[in-house]
1. Number of Lys pairs in the chain with C-alpha atoms less than 20 angstrom apart, excluding same-chain neighbours closer than eight positions?
2. Would you mind calculating the relative contact order of the chain from Cα pairs under 8 angstrom and at least 6 residues apart, reporting the percent as a whole number?
3. Where does helix 9-22 land angle-wise versus the long Cα axis of the chain, in degrees 0 to 90, nearest 10?
4. Round to a whole angstrom and tell me the spacing of the C-alpha centers of the range 73-98 and the range 1-71.
5. Compute the FRET efficiency between Thr59 and Glu79 as 1/(1 + (r/R0)^6), taking r as their Cβ-Cβ distance and R0 = 30 Å, and round to the nearest 0.05.
6. Angle check, please: helix 62-97 long axis (alpha carbons) against the longest principal axis of the chain (alpha carbons), in degrees 0 to 90, nearest 10.
7. R0 = 25 Å: FRET efficiency of Asn47 with Asn23, Cβ-based, nearest 0.05?
8. Relative contact order of the range 34-76: what whole-number percent is it, with Cα pairs under 8 angstrom and at least 6 residues apart?
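Computed from the coordinates by the stated procedures, all read-outs in this text should not be read as laboratory data. Predicted model, so just to flag it, every value in this text is computed and none were measured. Every residue, glycine as well, gets a Cβ built from its backbone with ideal geometry; the counts of neighbours run over all protein chains shown.
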Amino acid sequence: MSLDEPLPDAEISRISDYIHSLNNDDTNKQYIVSILRILHSRGEVLNESSNGIYVNLTTIKNETMKEIQKYVNYIMSQEKLFSDRENERQTLSKMFAS
């Protein structure tokens, strides 16, 4: 997929849903800040209100959306890796605690 080609709507929805899920956990604030930095550095429009910052992802440039997609995929892979390692640690802990 080239930079000129827009992301499919389903992919934009997936990214949007994931970003919304980050807002539900205070430990993920650094990810939100990083995504906002990407948007700001690319000159994208950010709408701020007393309830937070809003971005219309359908108006974001393709190149910016792909950078956000890459970052979101990175976060998800790191979370999976952490989860897998934690599960492995718990399994080993149970084996050696017996």
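1. Here the count comes out as 4.
2. Over the chain, the number comes to 30 percent.
3. Taking the Cα atoms of the chain, the angle to 9-22 is about 60 degrees.
4. Computed from Cα coordinates, the inter-centre distance equals 28 Å.
5. Efficiency, rounded to the nearest 0.05: 0.60.
6. Once rounded, one gets 10 degrees.
7. E between Asn47 and Asn23, to the nearest 0.05, is 0.95.
8. 36
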